[in-house]
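> Quick one: this structure, given as structure tokens, is what I'll be asking you about.
The values are calculated or read from the model by the stated rules, or taken from the named source; none is laboratory data. Just so it is clear, the structure is predicted and the values come from calculations on it, not from any experiment. Here the Cβ positions follow ideal geometry from the backbone for every residue, glycine too, while neighbour counts run over all protein chains shown.
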Amino acid sequence: MLLARIDRRHQLKWSLMAICVALEVSNPAFALDPASIARSGNGDAATACSSCHGDHGEGLPDNGFPRLAGLDSRYLRTQLEAFASGSRANEIMHPIAKALSSDERQSLASYYSGLIAPKAPQQAVDDDKLIADGKSIALDGIWNKGLPGCSQCHAKLGLGVGASFPRLAGQSSTYIGNSLAAWKDGSRGNDPLSLMAGIASKLDQSQIDAVAAYYGSLPVDQPEGKTP
Ligand code: HEC
Ligand code: HEC
């Protein structure tokens, strides 16, 4: 009698464990770690991040695919939420971010934030005057347009400050130019207090080209993180 009860309890325990294992296998939020989503996708519309953002999150400058390695994890997570909701409108990232669960967005943000990667090669902008004009906007702003220097918020050498002011060093001139254009045309509309929308609206195309060329010319200076 006693033995039969212990047996039944064992059976129950094993059945519960089997159900848990089955749930983990059928639910990608449990089964997939961020490195494998980055490499191979999540089996849904979120295709392999590495095909566009590089094996180590270094980005693909010529296509305007941004660097993710070493960016603040809260910033990355906020951007994934914004792509999913459409407040940052982008045809490529919208379906991908929407197909990620909330846990996957968080774990991918932490994963990329912890990666160290050298700067992805981009054909250097061969125009010293353009870069010098960009440097002057970045450091001193354009006071007669009421534009503060970018470094007031993004720190010296574009190293960024915390979750709110992302690192620009390491991004390509193509991506920086695209982002400023996206704020100007309203497709990127999720920035806090519309700070960047206000700034981009004051830049004309030649000033965008200059400041993008300057930031694109800066080296990446990584804080400690983990080697991929
Ligand atoms: C087919 C190419 C492609 C794939 C695959 C892709 N991305 Fe992107 N991603 C982009 C592009 C293009 C942008 C820039 C969009 C823009 O200009 O607003 C971007 C931007 C981002 C940003 C914003 C970066 C920043 O500095 O603001 C994050 C975060 C991001 N992607 C994460 C991911 C993750 C995580 C995956 C995999 C689940 C992924 N991406 C897969 C093309 C891709
Ligand atoms: C008053 C503060 C402030 C100033 C000045 C400022 N920015 Fe920003 N910038 C921000 C904030 C906040 C964000 C993050 C927006 C978001 O979360 O969507 C940002 C984001 C960016 C991004 C997006 C980076 C990425 O990874 O997608 C670029 C590019 C950028 N700024 C360029 C510039 C340039 C160029 C200047 C100078 C002309 C400048 N910023 C001046 C506050 C500022």
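> Which numbered condition in (1) more than 18 Å from the chain's Cα centre (by Cα); (2) surrounded by fewer than 18 Cβ atoms within 10 Å (Cβ to Cβ); (3) near ligand 2 (Cβ under 7 Å from one of its atoms) is the only one that ILE137 fails?
So the condition that ILE137 fails would be (2).
> Same structure, new question: Within the bounds of the stretch 123-142, is there any residue that is under 27 Å from ALA38 (Cα atoms), touching a helix residue (DSSP H, G or I) at 6+ places or on another chain (Cβ under 9 Å), outside any helix (DSSP H, G or I) and more than 13 Å from ligand 1 (Cβ to nearest atom)?
yes
> Filter the stretch 53-77 down to the residues that are touching an Asp or Glu at 6+ places or on another chain (Cβ under 9 Å) and free of Cβ contacts under 8 Å to residues at least 60 places away in the same chain and list them by number.
LEU68
> Checking the structure you have, find out if any residue of the stretch 158-169 is outside any helix (DSSP H, G or I), β-branched (Val, Ile, Thr) and within 22 Å of GLY59 (Cα to Cα).
Yes.
> ASN90 fails exactly one of the following numbered conditions: (1) without any contact (Cβ under 8 Å) to a residue 24 or more places away in the chain; (2) within 18 Å of SER172 (Cβ to Cβ). What is the number of that condition?
Only one criterion is unmet by ASN90, namely (1).
> Right, something else. Every residue in the stretch 212-228 that is modelled with pLDDT under 75 and surrounded by 10 or more Cβ atoms within 10 Å (Cβ to Cβ), please.
GLN222, GLY225, PRO228
> Just give me the residues in the stretch 44-92 being assigned to a helix (DSSP H, G or I), hydrophobic (A, V, I, L, M, F, W, C) and either surrounded by fewer than 18 Cβ atoms within 10 Å (Cβ to Cβ) or more than 8 Å from ligand 1 (Cβ to nearest atom) (or both), in sequence order.
Within the stretch 44-92, CYS52, ALA82, ALA84 qualify.
> Filter the stretch 152-172 for residues that are more than 8 Å from ligand 2 (Cβ to nearest atom) and either among the β-branched types (Val, Ile, Thr) or without any contact (Cβ under 8 Å) to a residue 60 or more places away in the chain (or both) and give the result.
ALA155, LYS156, VAL161, ALA169
> Residue under question is GLN171, and the condition is that it be modelled with pLDDT of 95 or more and surrounded by 14 or more Cβ atoms within 10 Å (Cβ to Cβ); does it hold?
Yes, satisfied.
> Quick one: ALA120 ticks every box in (1) farther than 17 Å from SER217 by Cβ; (2) buried (at least 21 other Cβ atoms within 10 Å of the Cβ); (3) of a type in the set (A, V, I, L, M) bar one, so which box is it?
(1)
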